[in-house]
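Below is one structure, written out as structure tokens, with a few remarks after it.
The values are calculated or read from the model by the stated rules, or taken from the named source; none is laboratory data. Worth saying up front: this structure is predicted, and the values here are computed from it rather than measured. Because the Cβ atoms are built from the backbone with ideal geometry, glycine has one as well, and the counts that use them run over all protein chains shown. Only protein heavy atoms, including side chains, enter the accessible area calculation; ligands, DNA and RNA are left aside. Shrake-Rupley method; radii C 1.70, N 1.55, O 1.52, S 1.80 Å.
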Amino acid sequence: MAAEPKRRGRPWASIEHLDVATAELVNLLRELIDGSDGGLRGLSRRLAPSHFNGASPPGYNTLSARLKGEGLRNDGSLVAAIVQVCARPEQVAELSAHTKELLAAARAAAWNDGTTKESAGSATDRELVAAQRRIIELQDELAEALRRAADSERELRRVQAQLTTQSDTPPSRVASEQSPTVIRPRDETNVPETFGGTTDQAQEAKPGAETRSRRSDDAPFTGQKPPHEARSSTDESDIGHVLTALRAADPDGSVTGQALRDAYDLVLDGARTGRYRWDTLTKSERLVMGTKVEHALRAAWDLGRGEDADFSIVGMDVNLIFSVKGRWIVGPEHIGKMCLLVSADDEASRWSVGLTRITKDHVMAASNRDGRRPMTAAARRTIRWIFQDEQLPTNALLHLPDKIVAEVLSHRTGQARVDALFRSSQGQLIGRNAVSTVAMQFDGAKRVRDARRRLREEGIMILGYRDAESAGTLGLPVPRGTNQWISARLIRPQDGSDAPWIEIGGERWTLAEPDDEVEALPQL
């Protein structure tokens with residue numbers, strides 16, 4: 001097992017003032033540079049115009065500023081160059097994808113937040129930050145209201161044009177076309193509370209459970225069409241093109257799952273607030289979740305806004321409807337539109353994404369004051385699933401026993417809380433956001449490095465993505481990327497033991513049992 005890379009030259013500058021995504025990106029690049037030959041000055045010498053499409057590479061002073069986070073979110077070419085130069089060949093593809101996700105999240109954070117830890121120093125500044133956040137929330141709500149008004153106006157013009165056309169149509173045909181739409185009887189008793197296009201009911205089953213039981217093995221992503229509904233071939237073709245494009249953009253769902261994880265983490269804002277549960281958010285905070293999901297997916301899939309919708313996918317407008325529990329609420333602006341239905345339940349760690357075109361008979365008769373209505377069970381059977389009931393990257397704190405979380409949070413300092421987290425959650429993957437939430441600091445990676453040194457005397461080893469092979473050898477879950485770690489207590493195996501082992505400092509080490517005596521790990 002390779003030793004932790006040693007830092008060369010002067011210590012890195014503090015980055016606690018940065019947002020979570022930018023801080024993670026800076027830490028990742030710093031780790032890569034620390035593990036390469038020559039440190040930052042060596043990197044400056046190794047960068048070439050070929051890494052920047054023929055342009056001159058940045059000098060040492062610019063590199064130093066970027067590695068403090070200054071302008072980094074807008075310098076994707078430099079991020080890509082550092083990965084190409086400093087990462088091992090087998091890591092380049094994975095790290096390139098991960099840094100793109102972090103850049104997108106950093107840009108979204110800058111757009112949606114615009115505040116830093118530096119601006120939250122005094123009580124007055126904190127009030128200003130809170131006011132700015134409320135302004136952003138109100139702007140989001142206003143933008144949504146204006147979009148609905150524009151949709152309503154366009155719908156009104158369309159109906160007026162139809163009425164004008166019908167005035168020249170034979171009476172029998174007009175009567176047929178103007179026959180009232182039959183609304184199906186309400187087939188569900190509870191209309192869930194609505195917030196920002198998201199609905200919750202604690203007693204509801206996992207998202208996608210109903211449609212999953214109706215899915216055929218030979219068409220795993222296609223919802224079964226009810227016999228009474230016949231879609232046009234053009235509509236089927238449009239949805240098929242969008243499905244194909246989204247599956248090509250994310251074949252295994254890892255990008256989408258991480259984007260939904262990032263959206264949750266942005267709303268929870270654990271590094272500032274220490275919160276990790278959805279039910280601790282206020283209603284106004286929950287209202288922005290749909291917007292955060294929209295921004296996260298647009299960045300993850302590299303999509304633009306539609307002319308009249310949230311996304312433009314292969315030239316077609318697609319709207320987003322988000323729900324935590326998979327009980328989607330449809331607004332008047334969604335009728336007749338192709339919609340991407342997204343659900344993500346942090347407590348159950350499951351998520352689903354599907355497509356359908358909303359029609360009038362897809363919604364229940366009853367509505368709230370703004371005309372928003374739940375989808376019927378029959379409508380949910382028309383969903384064509386891109387991903388269904390997938391594993392959401394785990395919110396580690398949410399799934400630890402309450403007693404352990406309380407013990408972890410009882411420590412006074414952020415570093416002590418991080419130490420306690422890895423001491424108490426051995427054998428479980430811990431994400432960077434959980435570390436930042438416990439520490440209530442943005443520099444989570446540094447806290448992990450310090451915890452690795454501090455827990456060595458207790459025989460506890462913290463393994464990261466560079467230690468994936470060792471984790472697999474020991475039979476532990478394998479950390480993926482730079483935002484996951486796992487801890488385990490190790491001992492030297494007894495003679496004749498056939499337990500799996502790894503080599504540390506020229507000696508064999510294996511997993512300890514609870515009653516084994518503590519053995520300090522060697523210094524690396």
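Answer with yes or no whether Ala468 is under 27 Å from Leu25 (Cα atoms), free of Cβ contacts under 8 Å to residues at least 40 places away in the same chain and open to solvent by 20 Å² or more (accessible area, probe 1.4 Å).
Yes; evaluated as a whole, the condition is true for this residue.
Among the residues of the stretch 363-373, is there at least one that is among the small types (Gly, Ala, Ser), surrounded by fewer than 22 Cβ atoms within 10 Å (Cβ to Cβ) and touching a helix residue (DSSP H, G or I) at 6+ places or on another chain (Cβ under 8 Å)?
Scanning the stretch 363-373 turns up at least one residue that is among the small types (Gly, Ala, Ser), surrounded by fewer than 22 Cβ atoms within 10 Å (Cβ to Cβ) and touching a helix residue (DSSP H, G or I) at 6+ places or on another chain (Cβ under 8 Å).
Looking only at the stretch 444-462, decide whether some residue is assigned to a strand (DSSP E or B) and open to solvent by 10 Å² or more (accessible area, probe 1.4 Å).
Within the stretch 444-462, one or more residues are assigned to a strand (DSSP E or B) and open to solvent by 10 Å² or more (accessible area, probe 1.4 Å).
So is Arg272 open to solvent by 40 Å² or more (accessible area, probe 1.4 Å), closer than 16 Å to Leu392 by Cα and in contact (Cβ under 8 Å) with a residue 24 or more places away in the chain or not?
no
Name the one entry in Arg456, Arg452, Arg432, Arg384 that is in contact with a Leu (Cβ under 7 Å, 6 or more places away or on another chain) and over 30 Å from Arg327 (Cβ atoms).
Residue meeting the stated conditions: Arg456.
So Ala296 fits all but one of (1) over 19 Å from Ala105 (Cα atoms); (2) modelled with pLDDT of 90 or more; what number is the exception?
(1)
Quick test for you: out of Gln428, Gln441, pick the one residue that is polar (S, T, N, Q), out of contact with any Gly (no Cβ under 6 Å at 6 or more places or on another chain), assigned to a loop (DSSP other than H, G, I, E, B) and touching a residue at least 40 places away in the same chain (Cβ under 8 Å).
Gln428
Restricting attention to the stretch 428-442, report how many residues are more than 17 Å from Asn395 (Cβ to Cβ) and either of a type in the set (S, T, N, Q) or surrounded by fewer than 23 Cβ atoms within 10 Å (Cβ to Cβ) (or both).
The number of residues fulfilling the criteria is 1.
Can you tell me which residues in the stretch 229-247 are modelled with pLDDT of 85 or more and open to solvent by 40 Å² or more (accessible area, probe 1.4 Å)?
Asp238, His241, Thr244, Arg247, listed by residue number.
Give the residues of the stretch 477-520 that are surrounded by fewer than 19 Cβ atoms within 10 Å (Cβ to Cβ) and among the polar types (S, T, N, Q), sorted by residue number.
Of everything in the stretch 477-520, those that are surrounded by fewer than 19 Cβ atoms within 10 Å (Cβ to Cβ) and among the polar types (S, T, N, Q) turn out to be Gln494, Ser497.
Filter the stretch 315-358 for residues that are open to solvent by 10 Å² or more (accessible area, probe 1.4 Å) and under 17 Å from Val242 (Cβ atoms) and give the result.
The answer is Gly315, Met316, Asp317, Leu320, Gly336, Lys337, Arg357.
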